[in-house]
1. Taking only the alpha-carbon positions of the chain and ignoring solvent, what does the Debye formula give for the base-10 log of I(q)/I(0) at q = 0.17 Å⁻¹?
2. Provide the per residue accessible area, probe 1.4 Å, for the chain, rounded to a whole number of square angstrom.
3. How far apart, in nanometres, would the label points at Lys177 and Lys120 be if each is projected 7 angstrom from Cα along the Cα-to-Cβ direction?
4. Ser9 versus Tyr155, label points 7 Å from Cα toward the beta carbon: distance in nm?
5. Give me the percent of the accessible area of the chain that comes from carbon and sulfur atoms, probe 1.4 Å, all protein chains in place.
6. For segment 175-180, in order, what is each residue's ³J(HN,Hα) by Karplus, 6.51 cos²θ - 1.76 cosθ + 1.60 with θ = phi - 60°, in whole Hz (x at glycine and Pro)?
7. By accessible area of protein heavy atoms, probe 1.4 Å, what ranking do Leu39, Leu61 get, highest first?
Amino acid sequence: MFDQLYEQSSLLTTTDGNIMILAGSALGGGSAINWSCCLDTPLEVRREWADVHGLDHFRPLSGDMQTEFDASMALVKKRIGVACPPSSSSKSPQKKSKSSINHNVMNEVMIAGCEGMGYKHQVTGQNLRHTETDAAGYTCFGDRYGNKQSGIVTYLADAGKAGAKILPNCTVTKILKNKDEACGR
């Protein structure tokens, strides 16, 4: 399974070999196997992209003003069904309810550790149809039920319905253009 879902059969590492990198290589890329937690790009990272790399498109604006990037991310979140359950103010995590994430044991231990150390934590947005199911914790092995709103069940499905040809297990070596449009055979 890992040889089909992950780049280099899940044996990809940093150049020094110290860190394993689980990068999705199946149809749908990382969205097919990644964690369903949807985090906003931190403002300090966006500022770095703008300041250091000249990518002004990512520069956050002050106050409640939205950039084109913010608007784009809001549309992506809407399309992939990101739901952000209300935070619980109780000291112990809620195991199951309609308005909460079904935390696995690892998350429960992490939450308890954060609370014990006085660290701030919060429930983040999830792009799952059903956040209360036990299956939500196994999407790193694929999602045969379509619970996770990955690229396969959202954007690639939209493209297929619109007539796009989806070619899995292919490598793009060159994109042919006719004026400003991609074309090909």
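1. -1.43
2. Numbers: 13660 Å² over 185 residues.
Here the residues of the chain average 74 Å² of exposed surface.
3. Label at Lys177, label at Lys120, 4.3 nm between them.
4. With each label point 7 Å from Cα toward Cβ, the separation is 2.9 nm.
5. The nonpolar share, carbon plus sulfur, comes to 57 percent.
6. Here the 3J(HN,Hα) series is 10, 8, 10, 10, 6, 9 Hz.
7. The most accessible residue leads, giving Leu39, Leu61.
The values are calculated or read from the model by the stated rules, or taken from the named source; none is laboratory data. Note that the structure is a prediction, hence the values are computed from the model and not measured. Please note: Cβ atoms are built from the backbone with ideal geometry, for glycine as well, and neighbour counts cover all protein chains shown. SASA here: full protein model, heavy atoms, side chains in, ligands and nucleic acids out. Shrake-Rupley method; radii C 1.70, N 1.55, O 1.52, S 1.80 Å.
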